[in-house]
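These notes concern the structure reproduced below.
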Amino acid sequence: MRLYSLLAAAKINLYLEIVGSRPDGFHELIMVMQSVSLADRVTVRSIGVDQIRVQCDHPLVPADPSNLAYRAAALLVEKFPGVMAKLGGVEITLEKQIPVGAGLAGGSGNAAAVLVGLDLLWQLGLTQRELQELGAELGSDVPFCISGGTAIATGRGEQLDPLQGSDALYVVLAKYESELVSTPWAYQTYRAEFGATYRADVREFEVRRSQVRAGAMVSALAHHNSAAIGQHLANDLEKVVLPAHPKTAELKAVMTNLGGLGTLMSGSGPTVFTLVDTAAEAEAIAQQLKAKIPDPDLGVWIAQFVPTGVQLTP
């Protein structure tokens, strides 16, 4: 085939704990990540010149080498010299549904889809593990976005252990379009404010990882206990992002008061989500939210937990 079209699922963090500082300068993290059905469409198409081209319908997404999808293609060209000369260049088209700068790994998902799509287009024969190792060179969320589903992520987020998921759950997501949060700022600010509380060494990191793996959130997922999943939502980054973004803090307060199983900011924000059991409950909360905050700047989406990250589509 000369063209592949893929869906790249958004992710939410059901749990995000910052454990300490790693020797490489990154944070040691423990996260429970979940793919949801809100997705971008990524198309990779062969072209007759030895170039990488990116097209996107969103004005805030660059179509140049700074784009993570472009960087994913460039990485494969670097790792497999001659493949472009033999099989042609690629045009990458991004059709965005996932909001930009939202803490939902939209850029990472696009990069993951490019890796999967070019593996097929260029007949590289890579395993999922090999694709994830390449993805880790691009960003900490990319390996999870390749496999998707439900997973506990450790290290800087690239070390994954699949978990039993609860694919029946629905989620209402909301974000002010004008609100953007820099992920590096969020982590740097957290380190500045809470660095004194960090665990000190690798042994302490492992103890904490074991505690979380045996803890309440993982148990709730294993037992498909939706009420317990909602009760144990947690995100350390809320401590610095919400005080600096009062509109997002107020959005979380409003959504919490609308019911559901639990409400949390995803990743570094500023997207806020509420978990519910059914599509009908999700629709009811979404409508109530729009009535409570009739602001055209507020985007609201309904999605469902899904068991995959990147998926081929017709």
Run the numbers for T127 and E250: contour at 0.36 nm per residue of separation, minus the present Cα-Cα distance, in nm. 39.9 nm
Kyte-Doolittle at least 0.0, axis length at least 18 Å by Cα - qualifying DSSP helices, the chain: 106-121
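Can you give the extra length, in nm with one decimal, that the chain gains between L3 and E177 once fully stretched, where that is 0.36 nm per residue apart less the Cα-Cα distance?
Between L3 and E177, full extension yields 59.4 nm more.
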Running a GNM on the chain with Cα contacts under 10 Å, which residue among A192, A279, A303 ends up with the highest mean-square fluctuation? A192
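Taking 0.36 nm per intervening residue step and subtracting the Cα-Cα distance, what contour gain separates A74 from D295 on full extension?
Working: separation 221, 0.36 × 221 = 79.56 nm, distance 4.00 nm.
Extra length available between A74 and D295 comes to 75.6 nm.
Rounding to the nearest 20 debye, state how big the charge dipole of region 170-304 is about its Cα centre with +1 on each Lys and Arg Cβ and -1 on each Asp and Glu Cβ. Mind showing how you got there, number by number?
Numbers: 12 positive and 14 negative charges, 70 e Å.
That gives region 170-304 a dipole magnitude of about 340 debye.
Could you grab the relative contact order for the chain? Cα pairs under 8 Å, six or more apart, rounded to a whole percent.
So the answer I get is 26 percent.
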Once you keep just the Cα pairs under 8 angstrom separated by 6 or more residues, what percentage relative contact order results for region 170-304? 43 percent
Taking r as the C-beta separation of A227 and Q287 and R0 as 25 Å, the FRET efficiency to the nearest 0.05 is 0.65
Loop-resident sites, region 1-106, for trypsin sites (Lys or Arg not before Pro), counting at most 12 other Cβ within 10 Å (DSSP): R2
Quick check: net charge around F205, other residues with Cβ under 9 Å of its Cβ, Lys/Arg +1 and Asp/Glu -1? +1
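Between A214 and S66, what is the FRET efficiency for a Förster distance of 30 Å, r being their Cβ-Cβ separation, to the nearest 0.05? Each step should come with its number before you reach the end.
On the way: r = 41 Å, r/R0 = 1.37.
With R0 = 30 Å, the Cβ-Cβ based efficiency is 0.15.
List the relative contact order of region 3-165 as a percent without decimals, with contacts defined as Cα pairs under 8 Å and 6+ residues apart.
Details: 356 pairs, mean separation 46.9, N = 163.
Computed value for region 3-165: 29 percent relative contact order.
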Any aspartates and glutamates with Cα under 17 Å of the K252 Cα? List them, leaving off those in the same chain fewer than 8 positions away. E177, E179, D236, E238, D295, D297
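Read the figures in this text as sums done on the coordinates, not as results from a lab. Here the structure is a predicted model, which is why all the values come from computation and not from measurement. All Cβ positions, glycine included, derive from the backbone under ideal geometry; neighbour counts span all protein chains shown.
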